[in-house]
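The values are calculated or read from the model by the stated rules, or taken from the named source; none is laboratory data. None of the values given here were measured: they were computed from a predicted structure. For neighbour counting, all protein chains shown are included, and Cβ atoms are generated from backbone atoms with ideal geometry for every residue, glycine included. For accessibility, only protein heavy atoms count, side chains too; no ligands or nucleic acids. Shrake-Rupley method; radii C 1.70, N 1.55, O 1.52, S 1.80 Å.
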Amino acid sequence: MKKYAGKSVYKGIAMGPLLVMKKTDDLVKRSKIEDAEVEIGRVSEAIETSKEQLRKLYDKALKEVGEANAAIFEVHEMMLDDDDYLDAIHNMIRTQLVNAEYAVAVTGDNFAEMFANMDDDYMKARAADIKDISNRLIRNLSGAQDADLTSAEPSIIVADDLSPSETVQMDKSKILAFVTVHGSTNSHTAILARMMNIPALIGVPMNLEELQTGSLAVVDGFQSEVIFEPTEEIQDQASERIKEEQEKQQLLQNLKGQENRTLDGKTVNIYANIGSVGDVGYVLENDAGGIGLFRSEFLYLGRDDFPTEEEQFQAYRKVLQNMAGKKVIIRTLDIGADKQVDYFNLGKEDNPALGYRAIRICLTQTDIFKTQLRALLRASTCGNLSIMYPMITSVWEVERIHEIVEEVCKELEEEQIPYQMPEQGIMIETPAAVMISDELAPLVDFFSIGTNDLTQYTLAIDRQNEKLDPFYDPHHKAILRMIKMVVDSAHAAGKWAGICGELGADLELTKEFMQMGVDELSVAPSMVLKIRQRVREMKVNQ
């Protein structure tokens, strides 16, 4: 039995077999071979296996995240037929008499480096794709288990870290928990865990080489620990606690359809945060009153070019139609900082969190912004849409946004394309926006407070830096006073104010937020009923 502590990103408890996802580097060892043609035959078989996997992944991603985001798997399949790439692998096997795994790894590294050093930004972006397809080939050559859990039993996923492209491959119904060596509380893995209502630990100092796929483990998100090969006594205790948690979840189900009303009659809207069209099911399943944050930048990630107006329109329309009249607040693209996209040509920045990102891109590259606005305004005829703009720091930014929106409206009118003017709000996530919130409020319909960035900028702490975790205090008095200031400014102008950051799901602060007069809390879908329960059990004025 071995026990490791980590950082919990979603509290819960799970027990089951491990699925260990090891780095491809761990699978590659150089060895001398006798027959080059046998190794080349192995490469050909691995390519066919990889293509089959990529076709399945494309079909799966098409259903879950749409055609635009699924396209990356088609690109990878085409790259497996690249003559230069394959010739380099075959030549290395024949001339150096090395095993296929080693030849693929070295060729992949060489090609990735070559692409990364090119001046053309499109070609630079191919470096990551070359690494990805090389890693897939090596896994298939080595007989390592892929991340696709379609045929596996429900498992605890253990990895060094997980990328969005890895998690999109997984059969979500087969995941019991996540445990990673690295990662942050704001990683895609953490967001996915909170959405799916499963325990997840990050920063666990485990050695993946010592772990075996299929061996038993217990993940305890409440105690922030994972236990590998637990004793029978611990297994019995875990089973009992899992049963208790299931009973609690069942009780929460009884809250579906109930009002978010306190014992003394105060109400609050409880909405959900999502990152893709495929997440709407989690919103409906957890009885959220609406979508308080649709992260539209996920339409731009994992692809080679900008999503078209029509692609965006179809995605927005689908979400609005599925929500059947409930409010859907879509945030305009928030690219930059920790969400880098090569084809945006953002360039290298010493401090990207304080750099060229979000609304700053939109107000500089207005063609990108207008394309998204056209899609949003067209989609507004399909449901209850609101738009909000991120990273606002000044009045002139909001005024310029309104000018661009008016230009787009005129274009649509001239083209006789139907649209409706939706509610428009801004995110309050910089200290500057907080301090002038009284001037901003008359210009917009609502405020949504992004507590993740607001905390980062106020405390001068990079929220992705694990070393600074002891200093990162989201309950800091400065943050709470800022939230109160923003709510007061909104109400003074007759507008509403909500919270869409992680702090909105903090049950320790729910009562304080209600006392401040916060009108809406938008949280991970798995937290909706828990927040509702807390609200219904409290009295705000005592």
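Listed values for the stretch 401-410 are Karplus-derived 3J(HN,Hα) couplings in whole Hz (6.51 cos²θ - 1.76 cosθ + 1.60, θ = phi - 60°), namely 4, 4, 5, 5, 4, 4, 4, 5, 4, 5, and x replaces Gly and Pro. Evaluating 6.51 cos²θ - 1.76 cosθ + 1.60 at θ = phi - 60° for every residue in the stretch 379-396, the Karplus couplings come out as 5, 4, 7, 9, x, 8, 9, 10, 10, 10, 10, x, 6, 7, 10, 8, 5, 4 Hz, glycine and proline recorded as x. Backbone amide hydrogens, once placed in the peptide plane, bring Leu97 within less than 5 Å of nothing, excluding anything fewer than 5 places away on its chain.
Which FRET efficiency value, to the nearest 0.05, is calculated for Leu62 and Thr213 with the Förster distance at 35 angstrom and r the Cβ-Cβ distance?
0.80
Packing-based ranking of 366-377, 86-97, 412-423 yields 366-377, 86-97, 412-423, ordered from highest to lowest mean Cβ neighbour count within 10 Å. Annotation: amide H-H contacts under 5 Å for Ile392 (H modelled 1.01 Å from N, sequence separation of 5 or more, or interchain): Met427, Glu429.
Of the cross-linked pairs Lys11/Lys477; Lys326/Lys495; Lys2/Lys174; Lys248/Lys326; Lys60/Lys248, those separated by over 30 Å at the C-alpha level are Lys60/Lys248. Volume of the convex hull of the stretch 276-318 (Cα atoms only), normalised per residue: 70 Å³. Using the Karplus relation 6.51 cos²θ - 1.76 cosθ + 1.60 with θ = phi - 60°, the per-residue 3J(HN,Hα) values for the stretch 282-296 come to 5, 5, 5, 4, 9, 6, 5, x, x, 10, x, 7, 9, 7, 5 Hz, with x marking Gly and Pro. From helices alone, the chain scores -14500 deg cm²/dmol at 222 nm; the rule is -39500 (n - 2.57) for each run of n ≥ 4 DSSP H residues, then divide by the residue total.
Only sites in a loop by DSSP and with at most 12 other Cβ atoms within 10 Å count here; which trypsin sites (Lys or Arg not before Pro) in the stretch 438-542 make the cut? Loop-located and lightly packed - Lys539.
Per atom type, the chain shows carbon and sulfur on 48% of its accessible surface, probed at 1.4 Å. Can you give me the angle between helix 477-492 and the longest principal axis of the chain, using Cα atoms only, in degrees from 0 to 90, rounded to the nearest 10? That works out to roughly 50 degrees.
Checking (1) 205; (2) 144; (3) 158 against volume of the Cα convex hull per residue in Å³ calculated from these atoms, the matching label is (3). Of the trypsin sites (Lys or Arg not before Pro) found in the stretch 215-272, those that fall in a DSSP loop while having at most 15 other beta-carbon atoms within 10 Å are Lys256.
At a probe radius of 1.4 angstrom, the accessible area of the stretch 426-542 per residue rounds to 40 square angstrom. The alpha carbons of the stretch 188-340 stretch over 56, 50, 24 Å along the principal axes, in descending order. The largest-to-smallest principal axis extents of the Cα set in the stretch 203-262 are 50, 26, 19 Å. Other residues within the sphere of radius under 14 Å centred on the Cβ of Gly6, judged by their own Cβ, net out at -2 (K and R +1, D and E -1).
Counting charges near Lys51 (Lys, Arg +1; Asp, Glu -1) among other residues having Cβ under 9 Å from its Cβ returns a value of -3. Can you give the extra length, in nm with one decimal, that the chain gains between Asn117 and Ile33 once fully stretched, where that is 0.36 nm per residue apart less the Cα-Cα distance? Here the answer is 27.0 nm. With the simple spin-label model, which puts each label point 7 Å out from Cα in the Cβ direction, the Arg481 to Thr381 separation comes to 5.0 nm. Less than 5 angstrom separates the built amide H of Asn197 from those of Ser526, all sequence-distant by 5 or more or on a different chain.
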